[in-house]
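Remarks on the structure that follows.
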């Protein structure tokens, strides 16, 4: 049911702000800039605590999803490295040797590359 609107809110915008608002209203297929602004303002939560209460669980869920993705990426990397015969966690340097091989040499150990012969 359509409610009669009897109250008015007025504020000034810079030319850039108005153009941006106008573009957004056209993108959203609003009948006017005023209709778009009214709809946008009405979508705002009435209570800031309500926003925090809904945002925190969503952020926790997102953080959990990111942790799970990192774990799965780590597992995939290890599986890939085992499949190609590289020690898990070793990275290849520009000369084709793994970081594990070059680390061994810096600690005075004689590490032989498989391509030495």
Exercise for review: List the number of the failed condition for residue 30; all other conditions in (1) modelled with pLDDT of 85 or more; (2) loosely packed, with under 10 Cβ neighbours inside 10 Å; (3) outside any helix (DSSP H, G or I) hold.
Suggested key: (2)
Revision key, fill the gap. Output for Cβ contacts, cut-off 7 Å, separation at least six or different chains, first residue surrounded by 10 or more Cβ atoms within 10 Å (Cβ to Cβ) in the range 1-16, second modelled with pLDDT of 90 or more and not in a loop (DSSP other than H, G, I, E, B), reads 13/21
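The values are calculated or read from the model by the stated rules, or taken from the named source; none is laboratory data. The model shown is predicted, which means the values in this text are computed figures rather than measured ones. A quick note on method: Cβ atoms are made from the backbone with ideal geometry, for glycine too, and the neighbour counts reach across all protein chains shown.
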